[in-house]
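None of the figures in this text is laboratory data; all of them are computed from the coordinates on show. All figures in this text were calculated on a predicted structure; none of them were measured in a lab. Here the Cβ positions follow ideal geometry from the backbone for every residue, glycine too, while neighbour counts run over all protein chains shown.
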Amino acid sequence: MAKRALITGITGQDGSYLAELLLANGYQVFGLVRRSSTPATFARIKHIQDKVTLIGGDMSDQTSLQNAIIQAEPDEVYNLAAQSFVQTSWSQPVFTGDVTGLGVTRLLDAIRFVNPRIRFYQASSSEMFGKVQEVPQRETTSFYPRSPYGVAKVYGHWITVNYRESYGIHATSGMLFNHESPRRGIEFVTRKVTYQVARIKLGLANELRLGNLDAQRDWGFAGDYVRAMWLMLQQDEPEDFVIATGETHTVEKLVETAFSHVDLDWKQYVKQDPEFMRPAEVDLLIGDASKAGKLLGWEPSVNFTQLVHMMVDADMALVKEEMRAESVVSD
Ligand code: NAP
Ligand code: G4F
């Protein structure tokens, strides 16, 4: 019989790639979605919407999570839902704590009540390492979060470990470093850069305003990272894993790589703007994913330059499409 999986955050970047992967692996896929007052477009999962079952609910609402688990009867639950934008976590710290942190307990408790044999994946983050205590960061590195988001993720990590140890649930925390794709939200730095590079190249904009160009991140491809999530839940014993490329680059290098791909000099367009500086910064992230390599057989297939080129190419195509659509409307 086909395995069943419930994905919270199915409408997000990772949720969409994971749903594709699970469908390709023969799963019956269920996704938790929030109500919206405007018609929901579910843009990232439009192409597979007829193949998945969407269930209404919210990470802040216990009853809806319990109902989702009763309805989906999953073998595996992937908790990807979160207020995931670090900058917003300073302006909405309580909301972030509720959804990104406490939401994990709500879901784990629903699993405990409905069926403790369900396997659980928690989307933990390299933001937990924050002001890093060790380079590179690995599963045993101490946490030092630097944002309300990072603090909420530390809570989510430990409650996952705690439900594993308290109730014997097959619960895994995946400590994933930054991962990107053409489906990345437009507010995150990679996509903000690649989309604006395309607009500048096509004559629709003439500057790109950014914050800290010195921050260093270990950027990988989201498609590779959802494969690691699935592999983690196929292990006999639940364990926590770091998933990363093991390479780090500055935001400046990202900018240079994106502009040079379309033969532009970034220095002519990029302006620093205090609006995008953070109250506390995570200066350097670089992960050691050797445990995942050894136990899961996981390794990344897309490197930094390929990732940036993939995103710039996709945004060039998207902006051209937007220009065509606009010219049709104004005709
Ligand atoms: P994303 O694109 O921002 O997607 C977040 C998802 O969570 C969306 O589907 C969103 O639904 C849903 N969501 C937000 N608040 C919710 C609530 N109250 N109830 C139900 N659903 C809610 O994030 P992502 O990049 O795919 O990341 C997936 C997960 O991995 C997140 O937990 C993130 O914190 C974590 N993570 C990401 C990275 C990374 O580099 N991408 C690295 C480490 C960890 P709407 O569409 O309705 O907004
Ligand atoms: O792309 P970012 O917003 O991602 P950040 O803060 O690293 O968080 C992402 O990765 C985490 C994993 O480590 C996830 F858990 C989290 O959910 C999210 O997916 O910013 C990356 C870096 C930061 O140092 C930021 O200060 O880019 C710097 N930056 C410089 N200018 C900017 C900008 N970031 C954004 N978003 N916008 C700017 O204009």
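Before moving on, here are some points about what is shown:
- For the stretch 234-296 versus the stretch 1-57, the inter-centroid distance based on Cα atoms is 26 Å.
- Taking the Cα centre of the chain as reference, the dipole from Cβ charges on Lys and Arg (+1) and Asp and Glu (-1) amounts to some 500 debye.
- Farthest positive-ward along the chain dipole, Cα basis, beta-carbon charges - from LEU18, GLY56, MET311: GLY56
- Between SER290 and LEU213, the contour length at 0.36 nm per residue exceeds the alpha carbon distance by 24.9 nm.
- Under the criterion of Cα pairs below 8 Å and six or more residues apart, the relative contact order for the chain equals 17 percent.
- Among the DSSP helices (H) of the chain, those spanning at least 27 angstrom by Cα along their long axis with an average Kyte-Doolittle hydropathy of -1.0 or more are 148-167, 304-330; this is a geometric and hydropathy rule only.
- Annotation: lysines with alpha-carbon distance below 30 angstrom to LYS46 (same-chain offsets under eight excluded): LYS3, LYS153, LYS192, LYS201, LYS320.
- Subtracting the Cα-Cα distance of GLN306 and ASP50 from their residue separation scaled by 0.36 nm leaves 89.0 nm.
- Here the stretch 18-80 is treated with +1 on each Lys and Arg Cβ and -1 on each Asp and Glu Cβ, and its dipole about the Cα centre works out to around 320 debye.
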